Amino acid sequence: MYAVVGCNGCSNVWILENPREQASAQCSRCGKRHQTKKLRQMYTAEDHDAARQVRSAIVAEKQGASEAFSTLDSVSEMETQLDDAHISDREYLERSGLDADEVAAAGDASSSSASSSKSRRELVEEAVSKQDRPTEEEVVSYAAERGVPAEKARDILEKLTLGGEVSESGGRYRSL
């Protein structure tokens, strides 16, 4: 079972797995420890995707983006679209009329192979997790250095935030 719960300290909303089996839970944003039985459960479900969708709607409402959120596909559908939208660096280069082998030979082989094996989404997630509470620009810059177009990185970051996988507070991001 999954419960969408909120922190009375920082107003963070997160998903708690198996709340009946835990005596306490820690807020993913501020670190405050809560007695699980005293946490306000805004929603409960057996399905993790349903809980993610509700959490995303609550976060969108708190940010004044309910109308924009209502026009989006479900969180799991957006995740699938992100995964399907990825093309490899090789395919991108070849579609651009460049010889991918020549480009690889001209660059640093170790960084080229590391970034080409990751999707755009993975690179944005990495940008959030590897940096200490980065700003949007720091995330976009990190991803752009690894081949993700800036606007695409912003879109992915927004979808990760709405999907409950990344939290934003005071213009700073962190993985959940």
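The values are calculated or read from the model by the stated rules, or taken from the named source; none is laboratory data. Since this is a predicted model, take the numbers as computed values, not measurements. Backbone-built Cβ (ideal geometry, glycine too); neighbour counts: all protein chains shown. Protein only, heavy atoms only, side chains kept; ligands, DNA and RNA dropped before computing areas. Shrake-Rupley method; radii C 1.70, N 1.55, O 1.52, S 1.80 Å.
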Just checking, which of LEU93, LEU82 is over 25 Å from the mean Cα position of the chain (by Cα), surrounded by 11 or more Cβ atoms within 10 Å (Cβ to Cβ) and either part of a helix (DSSP H, G or I) or modelled with pLDDT under 70 (or both)? LEU93
In segment 1-17, residues that are open to solvent by 50 Å² or more (accessible area, probe 1.4 Å) and assigned to a loop (DSSP other than H, G, I, E, B) total 3
Does segment 141-155 contain any residue that is of a type in the set (Lys, Arg), under 15 Å from the mean Cα position of the chain (by Cα), closer than 24 Å to SER74 by Cβ and modelled with pLDDT of 90 or more? yes
Kindly provide the set of residues from segment 15-58 that are under 15 Å from SER167 (Cα atoms) and in contact with a Gly (Cβ under 7 Å, 6 or more places away or on another chain), ordered by number. ILE15, CYS27, CYS30, ARG52, ARG55, SER56
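Per-residue answers, yes or no, for (1) open to solvent by 50 Å² or more (accessible area, probe 1.4 Å); (2) in contact (Cβ under 8 Å) with a residue 24 or more places away in the chain:
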residue	(1), (2)
GLN131	yes, no
VAL139	no, yes
GLU145	yes, no
PRO149	yes, no
ALA153	no, yes
SER167	no, yes
ARG172	yes, yes
Count - residues of segment 18-40 that are open to solvent by 70 Å² or more (accessible area, probe 1.4 Å), assigned to a strand (DSSP E or B) and not charged (D, E, K, R): 2
Considering only segment 59-76, I want to know if a residue exists there that is surrounded by 18 or more Cβ atoms within 10 Å (Cβ to Cβ), closer than 21 Å to CYS10 by Cα and of a type outside the set (Phe, Trp, Tyr). yes
Being touching a residue at least 60 places away in the same chain (Cβ under 8 Å) and within 19 Å of VAL75 (Cα to Cα) narrows SER28, SER56 down to just SER56
